[in-house]
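Report on the following structure.
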Amino acid sequence: MANKLLSAIEDDVLMSAGSVPVVIEGIEHIYDTKDSLPSESSHNSHELLYLRDGKIEVSVEGGGKITLGKGSTIVIRPLVKHRLMIKSNKAEILNLYFGFIHDTKELSAAREGGRTASADKKSSAGPSVAIPGSMARISLESFLKFADMGLTEDNEMVSQPCFVLTGAEKAEISLLAERIVSEMSDNRYSKELMIQTLTVELMINLSRAMRNEWEENIRVKTGKAKELVAIARQYMDDNFDQGITVAQAAQYVFLSQGYFTRAFRDETGMSPMNYLMKKRIERACLLLENNEIKVSAISLQSGFSSPQRFNVAFRKLMGMTPMEYRKLHLK
């Protein structure tokens, strides 16, 4: 029963995303300053490094040196060279290696191939099982689109060799990593099903964290924010009569509704909801000047979901009912 459910989950994700997320291995390390660490390492999989305790410095090719303290989490992309330096007496680290495959049989075949030469974790780095080379070809962004998080795969984000997790998702992601490693080390009932469920949950939280980073980048680059608001405004101008929502306009430019609302208000002086309402009422006023069009039809042609909502919005903005406006215009 559990195997059938696991297969159903994998098939559903495969149909939505074109690939399945899998965790290759979870490894726990305790280092001190006397330990000999690899000068450099890179893997076919993504690497999530969670620092349980201590202080370390991560040198990432193309990303410079990043200092991490207790509770920090960093995700390093496939094939990116990196190395660690211990900056405290001891450092306790959890490494999670994950990636995306088009066929779960590919991973099973790789695992059956046995352990790699990196079994001694004190003198080497990376997972101790074989990793299919195809994992390095599927980007995190392209997979995470299945979660419908509005995550953009623009050149700026994909070119980043790593990213440090911040915000509310950080604690949840580290907890999920701990749970996955715990499940992998035990032989409990429905172990594989639980690991796959937690892996999908991990991907969704990573998607949220990456979108937050995307929005933070925009917040810093005000020119980018202006550009996206202009694009969203044009989208609203072209589609307000189709009943679009503020959430749809925000998703169109890959922003959360909250951040989009703030950015839109900063640029235009009004909220996106008020802007949509203004456009709809302007269209309605134009149509009301034609006495042959019924008010109920005008409400739909202006983008309102019902005549009742149209009447309430029109009275609020214009100070009169649609019929009163029509009579006044005809006079």
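Does GLU282 count as among the charged types (D, E, K, R) and farther than 30 Å from SER306 by Cα? Taking the combined requirement at face value, the residue does not satisfy it. A single entry from LEU228, LEU175, LEU198, LEU206 fulfils the requirement of being at pLDDT 85 or above, under 19 Å from the mean Cα position of the chain (by Cα) and surrounded by fewer than 15 Cβ atoms within 10 Å (Cβ to Cβ): LEU175.
Against the test of being assigned by TED's automatic domain parsing to the domain that holds ASN205 and at pLDDT below 65, the options LEU94, LEU140, LEU165, LEU151 yield a single qualifying residue, LEU151.
If you check VAL80, VAL58, which single one turns out to be of a type in the set (Val, Ile, Thr), part of a loop (DSSP other than H, G, I, E, B) and either touching a strand residue (DSSP E or B) at 6+ places or on another chain (Cβ under 8 Å) or at pLDDT 90 or above (or both)?
VAL80
Just one of the listed residues (PHE310, PHE264) is crowded, with 16+ Cβ neighbours inside 10 Å and assigned by TED's automatic domain parsing to the domain that holds GLN242, namely PHE264.
The residue that is surrounded by the fewest Cβ atoms within 10 Å (Cβ to Cβ), among those in the stretch 278-303 that are assigned to a helix (DSSP H, G or I) and touching a residue at least 40 places away in the same chain (Cβ under 8 Å), is GLN301. Do the conditions hold for LYS70, that is, is it without any contact (Cβ under 8 Å) to a residue 24 or more places away in the chain and assigned to a loop (DSSP other than H, G, I, E, B)? Yes. Taken over the stretch 249-259, the criterion of being farther than 18 Å from MET270 by Cβ and part of a helix (DSSP H, G or I) is satisfied by GLN251, TYR252. Among the residues of the stretch 304-331, those identified as in contact (Cβ under 8 Å) with a residue 24 or more places away in the chain, closer than 20 Å to TYR275 by Cα and not in a loop (DSSP other than H, G, I, E, B) are PHE310, ALA313, PHE314, LEU317, MET318, PRO322. On the stretch given as the stretch 38-60, residues that are surrounded by fewer than 18 Cβ atoms within 10 Å (Cβ to Cβ) and farther than 22 Å from GLY133 by Cβ total 6. Inspection of the stretch 247-255 finds a residue satisfying the criterion of being over 30 Å from LEU330 (Cα atoms) and surrounded by fewer than 16 Cβ atoms within 10 Å (Cβ to Cβ).
The values are calculated or read from the model by the stated rules, or taken from the named source; none is laboratory data. What you see is a predicted model; the values in this text were computed from it and never measured. Don't worry about glycine lacking a Cβ; one is built from the backbone with ideal geometry, like all the others, and counts go over all protein chains shown.
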